[in-house]
Amino acid sequence: MIRSAVGRVHRAVTLTIGDIVLLTMITVIPQLLGGRARVNADTKQYLYLDPGDLLDRARVLWDARVGGGAVTHQAIGYLWPMGPYYWLTDQAGIPSWAAQRLWIGGLQLTASLGALVLFRHLSSRHHAQLAGAALYGLSPFVLGHVTGQSALLLPFAALGWLVWAMAKAVERGGWRWPAIFALIVTMCASLNGSSVFFVVLAATLWVPFAVWSHGHATPRQGFAALARAGLLTILTQLWWLAAYAVGGAYGLPILGVTEQVQTTSYTTSAAEVVRGLGYWFFYGGDSEGAWLRGIAPLYMESGVLIMLSFAVPLAALALGAAIRWGPRTYFAVLVGTGTVLAVGAFPEPARSPLGAAFESLSQRSDLVLSLRNTQRAGPLVALGLAGLAVGGISAIGRRHTRAGFAATLAMLLLVALALPAQWRSGLIAERFHRAEDLPQEWLDAGDHLDRGTGRILEVPGIDFASYRWGHTLDPVSVGLTERSVLARELVPAGGAAGVTLLGALDRSLQEGWAEPGALAVVARLFGASDVLVRNDLEYERYRTIRPERMWDLVTHEDAALELDATFGPRQPNRAGPRRPMIDEIELGLGLDRPGDEVAPRLAVFDVPDGGRAALSAASVDGALVVDGDGEGIINAAAAGLLDDLVGPLLLGADVAADARFAEFAPDGTAFVVTDTNRKRGERWYALRENVGATEPADR
């Protein structure tokens with residue numbers, strides 16, 4: 001065994017300009033070079049389109065701009081720190097792509113510096129600590145989160161700082177360092193509470209180590225530090241915890257319509273977790289191939305990259321096994337604890353008793369279900385491996401200076417080679433990006449819509465916003481107009497009744513059973529005064545309705561919609577070469593249409609008698625009760641049963657459960673009985689063919 005000298009923890013911690021410059025060169029600079037002029041589809045496009053507007057909406061728990069009005073889910077988290085950052089860069093005139101690259105690189109830099117500060121707190125200065133900082137900051141863990149979810153990297157960036165602050169709190173006593181700990185948690189917690197749970201756990205694990213293994217604190221000191229940090233942390237997180245509680249009580253059950261344990265645990269094998277991967281999104285794909293094309297497949301198909309990505313953790317484990325170093329115990333515990341937590345309910349070859357218990361509890365408790373993305377414990381593994389590598393290389397360097405320097409360079413080279421996307425593309429996948437500037441037709445359409453009033457119904461829906469000109473995950477329309485926009489997306493937003501009706505309308509469009517006569521009627525029910533038709537979608541990716549078919553529906557005389565304006569050229573929207581979609585539908589529509597029959601990229605239609613106020617009242621006289629669901633309303637509208645509707649439209653399932661039914665169902669009430677709302681299974685992760693066969697009543 002090699003002994004690694006350890007100094008007392010009261011040593012001053014310093015970061016030199018050289019440290020910051022070196023780590024900036026390997027984190028921030030590659031982002032700016034590899035991602036130049038491309039905006040990644042990260043988090044919310046509204047951060048780049050209008051960050052001030054997003055901040056204004058995030059400060060209240062009711063967002064009237066989406067879903068016809070919705071109790072927000074985690075939107076309050078944009079108040080700090082992500083929203084203000086993008087607002088400041090926007091005010092400074094920094095291009096969106098550069099602001100985004102600085103954000104991603106800044107997270108990696110912050111993570112690296114936090115690890116470096118921790119390592120220097122535990123032992124005397126050594127160049128091996130820079131290799132350990134790079135190992136942590138450039139962990140492949142970032143790959144699954146940069147696209148769409150970089151906010152989830154905030155806890156990753158904070159972990160080293162949190163452990164350092166907890167170590168100081170135990171050693172120094174008092175309230176200063178517990179307060180610093182709480183403020184660091186505040187910087188990284190508000191956008192996703194479950195992600196911060198794991199890094200806070202890692203920091204608290206330092207206390208038993210400091211008390212019983214390190215010998216630098218008594219149990220009383222350790223308990224006092226934990227109590228102070230815990231109290232201040234809870235108090236400083238109340239602003240977003242209260243908002244989450246309100247959203248959970250009055251909003252849609254988001255946990256029930258997003259990824260479940262079976263999905264999140266399918267890729268969390270121990271081997272993948274140890275090399276920094278395992279997050280389900282990283283392995284996902286659709287009809288057009290891998291979601292993270294150009295990045296993710298290499299880690300499963302390239303023999304060289306597979307070896308390199310495993311070489312880093314294996315080398316760190318070997319270095320840690322060969323030394324006697326006090327903090328080794330803590331970092332080894334981090335690796336073990338992080339791996340066990342991240343593996344979670346991984347099903348192969350058989351789910352462990354702990355994993356089975358976790359899955360069972362997730363079906364009964366929303367709190368447990370909120371922790372379903374167990375791979376977010378990956379930072380514990382990454383920091384533990386970095387600490388073991390630092391201890392091992394430092395020990396080698398103190399015995400043989402040249403060997404230690406060579407080991408440091410070798411580790412830096414391994415880390416760089418194991419993350420080629422850092423240097424090649426700035427971590428931007430081939431699919432999820434767009435140009436800095438939006439197409440002019442979208443900017444013009446946004447200006448045009450802002451001159452109107454009332455809600456906007458946007459059709460057709462799409463799983464994620466994949467346009468022919470780029471991929472943004474979220475529709476860009478909400479960021480280009482100050483009016484309320486209703487558009488069906490994969491994850492629903494709004495009230496239950498509105499979600500049901502919007503889903504039924506869009507499903508009728510996607511599955512081909514929509515009737516033009518229902519469009520204007522349903523738009524009026526939504527209070528929409530305009531219908532925005534987007535014909536520039538990459539329709540082959542999710543098998544959404546063809547632009548020509550959509551155009552035929554909205555321009556049909558029975559649709560009773562009035563064309564107001566078109567934007568962009570009338571050029572055919574053709575599927576890409578990966579999936580050309582030359583099928584019976586395409587042939588039936590006609591490949592060579594006259595120019596005036598080709599759908600424009602964007603079009604706005606007026607809804608006659610639309611624009612009902614968001615808050616309005618109607619007499620119950622003349623009410624119509626539909627015994628069914630959203631599909632029943634669509635069918636009733638297509639049959640003309642809603643043309644002369646004067647009073648309110650009520651769903652039978654809602655009014656029948658109310659004891660006052662007779663009071664608001666006078667003699668003039670009309671009833672429509674449909675065969676919809678049948679007992680059948682329904683899945684959330686698709687826009688079409690997402691309901692099963694009708695089931696018997698006794699099953």
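Observations on the structure shown:
- Consider the stretch 272-286 and keep the residues that are without any contact (Cβ under 8 Å) to a residue 24 or more places away in the chain and not hydroxyl-bearing (Ser, Thr, Tyr). The one that is surrounded by the fewest Cβ atoms within 10 Å (Cβ to Cβ) is Gly285.
- Look at (1) at pLDDT 90 or above; (2) open to solvent by 10 Å² or more (accessible area, probe 1.4 Å) and you find that Ala210 fails only one, number (2).
- Subset of the stretch 48-86 [among the hydroxyl-bearing types (Ser, Thr, Tyr) and either surrounded by fewer than 19 Cβ atoms within 10 Å (Cβ to Cβ) or part of a helix (DSSP H, G or I) (or both)]: Tyr48, Tyr78, Tyr85, Tyr86
- Selection over the stretch 680-693 of residues that are at negative phi and surrounded by 11 or more Cβ atoms within 10 Å (Cβ to Cβ) gives a count of 8.
- Scanning the stretch 144-154 for residues that are within 10 Å of the chain's Cα centre (by Cα) and either open to solvent by 10 Å² or more (accessible area, probe 1.4 Å) or charged (D, E, K, R) (or both) turns up Gly148, Gln149, Ala151, Leu152.
- Whether a residue is part of a loop (DSSP other than H, G, I, E, B), open to solvent by less than 30 Å² (accessible area, probe 1.4 Å) and modelled with pLDDT of 90 or more was assessed, and Thr267 passes this test.
- Residue selected from the stretch 335-369 under the condition charged (D, E, K, R) and open to solvent by 70 Å² or more (accessible area, probe 1.4 Å), by the criterion nearest to Val257 (Cα to Cα): Asp366
- Considered as a group, the residues in the stretch 426-441 that are part of a loop (DSSP other than H, G, I, E, B) and exposed (fewer than 15 other Cβ atoms within 10 Å of the Cβ) include one that is nearest to the chain's Cα centre (by Cα), and that residue is Glu430.
- Screening Trp423 on (1) part of a helix (DSSP H, G or I); (2) under 16 Å from Phe567 (Cα atoms); (3) in contact (Cβ under 8 Å) with a residue 40 or more places away in the chain shows it passes everything except condition (2).
- The numbered conditions (1) closer than 30 Å to Met307 by Cβ; (2) open to solvent by 10 Å² or more (accessible area, probe 1.4 Å) are all true for Arg176 except (1).
- When Ala377, Ala296, Ala321 are checked against the criterion of being surrounded by fewer than 20 Cβ atoms within 10 Å (Cβ to Cβ) and aliphatic (A, V, I, L, M), Ala321 stands alone in meeting it.
- Odd one out for Asp444, checked against (1) of a type outside the set (Phe, Trp, Tyr); (2) part of a helix (DSSP H, G or I); (3) under 24 Å from the mean Cα position of the chain (by Cα): (3)
- Any chance His145 is closer than 26 Å to Ala311 by Cα and not in a helix (DSSP H, G or I): no
- Of the numbered criteria (1) modelled with pLDDT under 95; (2) among the charged types (D, E, K, R); (3) open to solvent by less than 30 Å² (accessible area, probe 1.4 Å); (4) in contact with a strand residue (DSSP E or B) (Cβ under 7 Å, 6 or more places away or on another chain), the one Arg372 fails is (4).
- Those residues of the stretch 155-173 which are of a type outside the set (Asp, Glu), open to solvent by 20 Å² or more (accessible area, probe 1.4 Å) and touching a residue at least 12 places away in the same chain (Cβ under 8 Å), in sequence order: Trp161, Trp164, Gly173
- Beta carbons closer than 9 Å, at least 6 apart along the sequence or on distinct chains, pair a first residue in the stretch 636-648 that is closer than 16 Å to Gly622 by Cβ and open to solvent by 30 Å² or more (accessible area, probe 1.4 Å) with a second that is among the acidic types (Asp, Glu) and assigned to a loop (DSSP other than H, G, I, E, B) for Val646/Asp621.
- Of residues in the stretch 614-631 being small (Gly, Ala, Ser) and either more than 26 Å from Arg507 (Cα to Cα) or open to solvent by less than 20 Å² (accessible area, probe 1.4 Å) (or both), the one nearest to the chain's Cα centre (by Cα): Gly630
- Qualifying residue in the stretch 538-560 (condition: open to solvent by 50 Å² or more (accessible area, probe 1.4 Å), β-branched (Val, Ile, Thr) and in contact (Cβ under 8 Å) with a residue 24 or more places away in the chain): no
- Failed condition for Lys44, given (1) over 19 Å from the mean Cα position of the chain (by Cα); (2) closer than 27 Å to Ala528 by Cβ; (3) assigned to a loop (DSSP other than H, G, I, E, B): (1)
- Pick from the stretch 496-528, criterion among the polar types (S, T, N, Q) and open to solvent by less than 20 Å² (accessible area, probe 1.4 Å), ranking: nearest to the chain's Cα centre (by Cα): Gln510
- Residues of the stretch 204-225 that are under 18 Å from Thr339 (Cβ atoms) and among the aliphatic types (A, V, I, L, M): Leu205 alone.
- Pairs with Cβ under 8 Å, 6+ apart, first in the stretch 374-392 and of a type in the set (Ser, Thr, Tyr), second open to solvent by 10 Å² or more (accessible area, probe 1.4 Å) and in a helix (DSSP H, G or I): Thr374/Leu341; Thr374/Val343; Thr374/Phe358
- Pairs, first at positive phi in the stretch 484-499, second modelled with pLDDT of 85 or more and in a loop (DSSP other than H, G, I, E, B), C-beta under 8 Å, six or more apart: Gly494/Gly67; Gly494/Gly68; Gly494/Gly69; Gly494/Leu252
- Subset tally (residues that are under 11 Å from Leu490 (Cα atoms) and of a type outside the set (Ser, Thr, Tyr)) for the stretch 684-694: 4
- Residue pairs meeting the criteria (Cβ under 6 Å; at least 6 apart or on separate chains; first of a type in the set (A, V, I, L, M), in the stretch 110-121; second outside any helix (DSSP H, G or I) and at pLDDT below 95): Val117/Val13
- Exactly one residue out of Ala311, Ala316, Ala332 is among the small types (Gly, Ala, Ser), under 18 Å from Ala133 (Cβ atoms) and either open to solvent by 60 Å² or more (accessible area, probe 1.4 Å) or part of a helix (DSSP H, G or I) (or both), and it is Ala316.
The values are calculated or read from the model by the stated rules, or taken from the named source; none is laboratory data. These numbers come from a predicted model, not from an experiment. Because the Cβ atoms are built from the backbone with ideal geometry, glycine has one as well, and the counts that use them run over all protein chains shown. SASA here: full protein model, heavy atoms, side chains in, ligands and nucleic acids out. Shrake-Rupley method; radii C 1.70, N 1.55, O 1.52, S 1.80 Å.
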